[in-house]
Amino acid sequence: MATVSFAARARQAWTITRTELRRAFLAKRGLWVYALALLPALIFFGHGLDAKWDIERLSRGGLKDRALVNSIQKGEAIDAVKARVGTPASERGGTRVRRVRTAGSNGTTTHAIDAAVNARFVRLNISRPSYSGEIVAKVYEFEIYDADGVQNLALGRPATGSQPCTPEQGPEKAVNGSVAGGKGDSWCAENWPFFLQVDLGAARPVKRFVVKHASAGGESRESDTRDFNIQVSADGKSFTTAVSSVGAGFVDERTEYRVLTYFDGQRETQFTFVDGKVDSWHTNHPLLFEEDRTIFAGKPSAPATNHSTARWSARTASASAGRSCGVLWSGPPAYHGGRSLGAEAWAARRPGRT
Ligand SMILES: [Ca+2]
């Protein structure tokens, strides 16, 4: 019986091994399993890179002492904070402009001049006919008073103006003494230039003007006249401006927002300033493996060691104590650090500032 050499056995074994490897481990249809197996590692790697870039970006402004950052209090002025804590890692902001109605205007604006002027012709010129952007001027009533302010001198006087929207909405409807009759109780015009002129019959001292805009007649406030002026004339040819006005009882309410971010090497804290004062803050750890692990495990319960438990309790206590997370971040944000977190996980990631 011929003896098979060791080398021959080894060759045979290697050939079989190679065949098996190719068939079982390197088959194309099996590659997706490796890709799937690598996925968690890729996610962690990506998160790590993301956190690293975050930390580099945040560190550019210099690291701040944690106690100093923690000392920032609600209501503190932005200049005081910068002077005390230093230049933030980032600063951004903006302005929110909200148009609000001044109380009690009711679609009516009143314009008084310092001293009465003699005028026979009074002209209302409209440069921006509405707040909505609609190019339609609507005036329900235009009233003119002298110094004692009792008698409406414009009432029932001859009026002229831009071509009306409909024959029922002529200039005379702005001096008929009422606003309650619906759209037919207003002067309406759709073509430039927008003007309404009243002839008082003779030169008279005038001192006060009242304009009742669209909403005084029950239409939308957005249809109220936005910009206009009032001119007076003795002869109907040369006019002088008596009143320049912006807005039918609206004021622009501006709110300035700034967000300063301070970084102490581990935590970034974003302070939101409203009109220059600290209003709220929010703390975030760019990289905190302990908490990440807990979140991935899906149970924000207390870790085993006493040391960790103490830290954990401190965190959850301060989180549940409702440290202001303010206007911009009220409630548990649904998205954070590149992935979605549940409410519990969010609470766990929200460490106290002390
Ligand atoms: Ca009217």
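Coordinate-derived values only; no laboratory data. Given the structure is predicted, the values throughout are model-derived calculations rather than measurements. Every residue, glycine among them, receives a Cβ derived from its backbone with ideal geometry; neighbour counts consider all protein chains shown.
Below, the figures for the structure above:
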item	result
Förster-model FRET efficiency, 25 Å R0, ALA234 and ARG128, C-beta, rounded to 0.05	0.35
Neighbourhood net charge (14 Å Cβ-Cβ; Lys/Arg +1, Asp/Glu -1) for CYS188	-4
Taking THR272, THR87 and counting other C-beta atoms within 10 Å, the order from fewest to most	THR87, THR272
FRET efficiency, 1/(1 + (r/R0)^6) with R0 41 Å, evaluated for LEU39 and ARG254 via beta carbons	0.25
Ranked list, fewest to most other Cβ atoms within 10 Å of each Cβ, for LYS74, LYS28	LYS28, LYS74
Rough spin-label spacing in nm, given labels placed 7 Å along Cα→Cβ, for ARG98 and ARG11	8.8
Positive minus negative residues near SER233 (Lys, Arg vs Asp, Glu; Cβ under 15 Å)	+3
Chain lengthening between GLN151 and GLU91 when straightened (0.36 nm per residue, less Cα-Cα)	15.8 nm
Inter-probe distance in nm under a simple model that places probes 7 Å from Cα toward Cβ, at LYS82 and GLN163	5.6
Ranked list, fewest to most other Cβ atoms within 10 Å of each Cβ, for SER127, SER233	SER127, SER233
Amide hydrogen neighbours beyond the local backbone of LEU155, cut-off 5 Å, H modeled	ILE144
Sequence-separation-based contact order of the stretch 143-216, relative, with Cα cut under 8 Å and 6+ spacing, percent	40
Cα→Cβ-extended label distance, 7 Å offset, between ALA180 and GLN73, nm	5.7
Nearest-0.05 FRET efficiency for LYS277 and ARG29, computed from C-beta distance (R0 51 Å)	0.20
Karplus-derived 3J(HN,Hα), 6.51/-1.76/1.60, for each residue of the stretch 173-180, Hz, glycine and proline x	6, 8, 10, 8, x, 9, 10, 8
Taking the stretch 103-248 and dividing mean pair separation by its residue count, relative contact order in percent (alpha carbons under 8 Å, at least six apart)	39
Spin-label proximity, VAL136 to the stretch 180-194 - amide N less than 17 Å from point 7 Å beyond Cα toward beta carbon	181-192, 194
